[in-house]
1. What net charge is computed for the residues neighbouring V67, neighbours being all others with C-beta under 15 Å from the C-beta of V67, Lys and Arg scored +1, Asp and Glu -1?
2. Counting only Cα atoms, I'd like the Rg/Rh figure for the chain, Kirkwood definition for Rh.
3. What part of the accessible area of region 5-178, given as a whole %, is carbon or sulfur when the probe is 1.4 angstrom?
4. Lysine pairs in the chain 8 or more apart or on different chains: how many have alpha carbons under 21 angstrom apart?
5. When ligands, DNA and RNA are left out and all protein chains stay put, how many square angstrom of accessible area per residue does region 5-178 have with a 1.4 Å probe?
6. So how do 171-184, 12-25 stack up, highest first, on mean other-Cβ count within 10 Å?
7. Between the DSSP loop rule and a limit of at most 13 other Cβ atoms within 10 Å, which chymotrypsin sites (Phe, Trp or Tyr not before Pro) in region 74-155 are left?
8. Output wanted: per-residue J couplings in Hz (rounded whole) for region 72-82, from phi through Karplus 6.51 cos²θ - 1.76 cosθ + 1.60, θ = phi - 60°, x for Gly and Pro.
Amino acid sequence: MSEILPFTWFQRDTSTVAEQLIGCQLCVRQDNGEILRCTITETEAYLGIRDKASHNYGGRRTPRTEVMYSAGGHIYVYLIYGMYHMLNLITQTEHEPEGVMLRAAFFEDSVSKLDFKRLSGPGKLTRQLGITERFKGKMLGVETGLWIENKKIQPEIVRKKRIGVDYAEEAKDWLERYCWKDHPSLSR
């Protein structure tokens, strides 16, 4: 097991966290005790109150998004289209509703293009790893069953526009999507 990232690691600038998560290990303990580990290849930063693509744009607060106002290191999982869970890691300090969505990853034993596509999208990632709203509001950690371990390598990273936020006016063009350059697991 590698070094587990402490809560303070997430209590920093959201864009920096999103970029530095690339290459880290996402770890999820299954109901049978098995631990699934995958390497993160794609993230998106959501910059809270000033970001029209964020659930908290303009200071919105709802029961669904209240967890985003927690300190960095909390987990925000929500359901979209009634079928896909999205995994977000809260960043910054308490009352700064920002976070990073995990979009893609790969298992260490991936060899074929099909293997790399198993976790190539936020809905595929959560489905394959068994991540549901049961994690929402909890802190990252071994006790919770979901944590992040430090990276073993430093991949080349590129910044791109976020996906699926065309409604967000100028924020749709922000380069807040971080990708392991040319990796076969990327979502698009």
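1. Working: positive: R60, R61, R64, R134, K136, K138; negative: E66, E94, E96, E98, E133.
Every neighbour counted, the sum reads +1.
2. Details: Rg = 15.2 Å, Rh = 16.3 Å.
Reported Rg/Rh, Kirkwood definition of Rh: 0.93.
3. Details: 4050 of 7860 Å².
That fraction is 52 percent.
4. The number of close lysine pairs in the chain is 20.
5. Working: 7860 Å² over 174 residues.
Per residue, region 5-178 has 45 Å² of solvent-accessible surface.
6. Values: 171-184: 17.9, 12-25: 20.5.
The packing order, highest mean first, is 12-25, 171-184.
7. Values: sites: Y76, Y78, Y81, Y84, F106, F107, F116, F135, W147; in loops: Y81.
Here the sparse-neighbourhood loop sites are Y81.
8. x, x, 7, 10, 10, 10, 9, 9, 10, 6, x
The values are calculated or read from the model by the stated rules, or taken from the named source; none is laboratory data. From a predicted model like this one, the values you see are computed outputs, not experimental measurements. Cβ atoms come from the backbone with ideal geometry, glycine included; neighbour counts cover every protein chain shown. Surface accessibility is based on the protein's heavy atoms, side chains included, excluding ligands, DNA and RNA. Shrake-Rupley method; radii C 1.70, N 1.55, O 1.52, S 1.80 Å.
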